[in-house]
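The values are calculated or read from the model by the stated rules, or taken from the named source; none is laboratory data. What you see is a predicted model, and the numbers here were worked out from it, not measured in a lab. Note that each Cβ is placed from the backbone with ideal geometry, even for glycine, and that neighbours are counted across all protein chains shown.
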C-alpha cells in the first residue's frame, strides 16, 4: 500500500462510519412514522379522526398500515413499523417478552359480537354464552365466516371454538376469508352467514350489511386495545421519538375524550370506551 493509500484508507473508513451513523440518526429523527394497526381501528373510522389531529399537533406524518394484529406484530418484530395499535393481548405479551416492543399501554376497549342473518338458521339468538352459540352453529352446519388472518379477532374466535370444544377447520360450513373485518362482514352479509366482529366496525357498516347482533355481552367477548412502541434498542432505524409521541397522544386526556365520544352522534353510542391509566382487571362489559 503506497503512502497516499495508507493515509486515505483510514479516512475513507472513518467517513463511511460517520455517514452510516448520520443516516441512522436521520431515519430515527424523521418526521414520518409507520403505524401498524388492526383493521378495526381503520374500518370503524376512528383513525380518520385521530391521525389528522396527531399530525397537526405533532408535525409527524403517519403512514398507516391496517392489517390484523398478528401481522402488525410481525412487522414490529422485523422493525418494519415504529408503533403498533393492536388488540390481541396474549400475542402482545409475548411480543413484549421477546423484546420486540416496549411501553405497552392500555388505550381503550369495546367488545366482540356474533352477527348473522336475521333468520338465524342455527337459532343462536338468546344463547347464554358465546361458546354455546358457536356450538349451535357447528351442530346446525350453518355457514360461519372466519377472518382466518391471525388477527386479534381471529385469535378471539379461535378461543371461542376452543371453549366450545370444537375444531372447525376442514368443515364445509367453516370458511376463512383471509380478509379484514369490514370485508369479512360484507362476505358474511352476501352469503347470509355468521361471523365474529368487533362492535365498532359492525356498527360503522350496519346500514349496508343486513346482519343483526345475535349474541353479545359475554365477558369472553371483551376486546382490549393497547399501543406499543417498537423497541429501538433492537432496531436502531425505528423512529423512537415519533413512536413515543404517537403513544403519548393516544393515552392523553384530550384523545381519550375524543375516543369516548366517537360514534355517539352517528350511532347513539360510543364505538370504543377510553381506558388509559386503568388496569385491565377493572374492565368489564
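Filter the stretch 263-285 down to the residues that are under 13 Å from residue 225 (Cβ atoms) and at pLDDT 85 or above, then identify the one that is farthest from the chain's Cα centre (by Cα). Among those that are under 13 Å from residue 225 (Cβ atoms) and at pLDDT 85 or above, it is 278. For the stretch 262-272, a tally of residues being crowded, with 18+ Cβ neighbours inside 10 Å and at negative phi returns 4. Among the criteria (1) at negative phi; (2) in contact (Cβ under 8 Å) with a residue 24 or more places away in the chain, the one residue 281 does not fulfil is (2).
A count restricted to the stretch 39-50 and to residues that are surrounded by fewer than 18 Cβ atoms within 10 Å (Cβ to Cβ) and in contact with a strand residue (DSSP E or B) (Cβ under 7 Å, 6 or more places away or on another chain) stands at 0. As a summary of the residue check, residue 87 satisfies the conditions (1) surrounded by fewer than 21 Cβ atoms within 10 Å (Cβ to Cβ); (2) modelled with pLDDT under 95 except for the one numbered (1).
Listed here are the residues, each with its yes/no results for (1) in contact with a strand residue (DSSP E or B) (Cβ under 7 Å, 6 or more places away or on another chain); (2) within 22 Å of residue 70 (Cα to Cα); (3) outside the structural domain of residue 126 (by TED's automatic domain parsing).
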| position | (1), (2), (3) |
| --- | --- |
| 203 | no, no, no |
| 209 | no, no, no |
| 227 | yes, yes, yes |
| 230 | yes, yes, yes |
| 239 | yes, yes, yes |
| 256 | yes, no, yes |
| 263 | no, no, yes |
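In the set (1) buried (at least 19 other Cβ atoms within 10 Å of the Cβ); (2) at pLDDT 95 or above, the condition left unmet by residue 140 is number (1).
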